[in-house]
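To start, the structure itself, in structure tokens.
The values are calculated or read from the model by the stated rules, or taken from the named source; none is laboratory data. Computed from a predicted model, the values in this text were never measured in an experiment. Note that we place each Cβ from the backbone using ideal geometry, even for glycine, and neighbour counts take in every protein chain shown. The area values use the complete protein model at the heavy-atom level, side chains included, leaving out ligands, DNA and RNA. Shrake-Rupley method; radii C 1.70, N 1.55, O 1.52, S 1.80 Å.
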Amino acid sequence: EIKLIRKACEVTKLTLEMLKKEIKPGVTTKHLDKLAYDFILSKGCKPAFKGLYGFPGTICASVNEEVVHGIPNKDRILKNGDIISIDVGATYHGLVGDSAWTYTVGEVDPKVKKLLETTERALFAGISKMIEGNVLDDVSGAVEDVAKEGGYGIVRQYGGHGVGYNMHEEPFLFNYRVGNKLKLKQGNVIAIEPMLNLGCDDVLVLDDEWTVVTKDKMPSAHFEHTVMAGENEPLILTVDTL
């Protein structure tokens, strides 16, 4: 199972690396979606998101104040100063890999760049706690501490999750402390995904019933890795290839 999920995670990672090179002003999110679809299939995997709960895309493409679940659209054209969060997953022989990254489009506001840097740092702070014997709240708390240090809003309604034969499995992972004392065991696989906002915590869902945006329309960043808890150190499955 671990070998299969590592393959799914490797293809997920490679998909993001491929898309990163294509992100520039004038590109549509629909074009990025098609590139991801073709690439995942070419690697012998299936797009994990397409059709999941009825979602129409291969990637979630969330721009600026869009937090997560942005639907790829031929009319959504990236421009200089935008940020785009791309969330993507691949399935290999039934096992799922899941990762997300927020990219800059051209030159962005320094405050927004700092938001991205901090959200990425929060991700790795959480990852560092994925060690056998720690509890889930250790991971959540590490993310929260970095977010609070920067003074950023923490998205409360969405968070990380177990990954395996399904995209979303137990346990749910909050990006702030909730008192969860569930102990981590070696081999547990969890997608850790902080979502931090330049403004308030609050988000809402648009009329398309998918796209989540910040209530104050301030930018949001989203970084995610699929991680396996280890005896002495975590294994980032969407980085450490076979």
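The table for this structure:
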item	result
Options A100, A122, A147; residue that is touching a residue at least 40 places away in the same chain (Cβ under 8 Å) and either part of a strand (DSSP E or B) or open to solvent by 30 Å² or more (accessible area, probe 1.4 Å) (or both)	A100
Cβ pairs under 7 Å, 6+ apart, first in the range 193-220 and touching a residue at least 24 places away in the same chain (Cβ under 8 Å), second open to solvent by 40 Å² or more (accessible area, probe 1.4 Å) and among the acidic types (D, E)	G199/D216; C200/D216; V213/E65; T214/E65; K217/E65; M218/E65; P219/E65; S220/E65
Criterion (open to solvent by 30 Å² or more (accessible area, probe 1.4 Å), out of contact with any Leu (no Cβ under 6 Å at 6 or more places or on another chain) and among the acidic types (D, E)) met by exactly one of E193, E169	E169
Tally, over the range 75-97, of residues that are open to solvent by 10 Å² or more (accessible area, probe 1.4 Å) and either in contact (Cβ under 8 Å) with a residue 60 or more places away in the chain or in contact with a His (Cβ under 7 Å, 6 or more places away or on another chain) (or both)	5
Any chance D207 is farther than 30 Å from E132 by Cα, open to solvent by 10 Å² or more (accessible area, probe 1.4 Å) and out of contact with any strand residue (DSSP E or B) (no Cβ under 8 Å at 6 or more places or on another chain)	yes
